[in-house]
Amino acid sequence: MQIPETTRPASGRARPLSVDDRQAMIIDAVIPLLAEFGRDLTSRQIADAAGVAEGTIFRAFGDKETLIEAAIAKFLDPEPMRRELREIDPASPLDDKVERIIAIMRARFGEIFRVMAMVGARRPPAPKARHEFAEIIAEALAPELELLNWRPMQIAHMIRLVTFASSFPLLNEGVDLSSHELTRLVLYGIAGTSSITERSQD
């Protein structure tokens, strides 16, 4: 692709990153390191992962702790997970939608547990975030809502409880329920049938 004359660097070298872009690049490199090293990661490890000099890190953030806190804040941002949930097609079968919701949330909670075990616990999402999650669930399940036994807020809460508990390592030693098995638990309990799905497809 030909670079427009207005944006091609005169020297032929890549244009330097803005401060915000450089900070974002360094933060993205730090997040995987937190799960492995926690707060004990070194500035050398950060520099190697980000592909920058150690001095660049301190010029961008001032000190390592400020960088770590910025990385944790970005990591805990629920918006990427919400975007993934919004991509679920409401026209898909109910079982498939619920299993996709559960899989996304289990993966997210699993990541959070791994990182928080290394860097320390953080406060849970604000009530507004929980409400938005319920709205996303309601949109995904809209074609079947009249057939379900619970309101969207209650359904979202149940799914959150199941996925949170199933992702917590100490609660699941020796019991490895799959997302498919948890989907059947959410939809049909321990004695129900798949009649809801059958009715929704009539």
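Remark: segment 172-182, residue by residue, has Karplus-estimated 3J(HN,Hα) of 10, 5, x, 10, 10, 6, 7, 4, 5, 5, 5 Hz, where x stands for each Gly or Pro and the curve is 6.51 cos²θ - 1.76 cosθ + 1.60 at θ = phi - 60°. The phi-based Karplus calculation (6.51 cos²θ - 1.76 cosθ + 1.60; θ = phi - 60°) puts the 3J(HN,Hα) values of segment 26-31 at 5, 4, 4, 6, 6, 3 Hz, whole numbers, x for Gly and Pro. When Asp63, Asp96 are arranged by Cβ crowding within 10 Å, least crowded first, meaning fewest neighbours, the order is Asp63, Asp96. Between the amide H of Leu17 and any residue lying 5 or more places away or on another chain, no distance stays under 5 Å, with hydrogens modeled in the peptide plane. For segment 19-75, just say rounded, prolate or oblate: build the C-alpha gyration tensor, square-root its eigenvalues into a ≥ b ≥ c, call rounded for a/c under 1.5, and beyond that prolate if a/b exceeds b/c, oblate if not. Rounded shape, in that the Cα axes give a/c under 1.5.
Sorted largest first, the principal axis extents computed over the alpha-carbon atoms of segment 77-200 equal 47, 34, 20 Å. Pick out, from Ala53, Phe75, Gly120, the residue whose Cα sits farthest towards the positive end of the charge dipole of segment 45-137, with +1 on the Cβ of Lys and Arg and -1 on the Cβ of Asp and Glu. Final value for the positive-end residue is Gly120. Using θ = phi - 60° in the Karplus curve 6.51 cos²θ - 1.76 cosθ + 1.60, the 3J(HN,Hα) couplings for segment 97-105 round to 5, 5, 5, 5, 4, 5, 4, 4, 6 Hz; x is entered for Gly and Pro.
Globularity index of segment 45-121 is 1.51 (Cα radius of gyration / 2.2 N^0.38 Å, N = number of residues).
When both segment 90-124 and segment 142-168 are represented by their alpha-carbon centers, they are found 13 Å apart.
Just so you know, all these numbers are worked out from the coordinates, no wet-lab data involved. Since we're looking at a predicted model, the values are computed, not measured. Backbone-built Cβ (ideal geometry, glycine too); neighbour counts: all protein chains shown.
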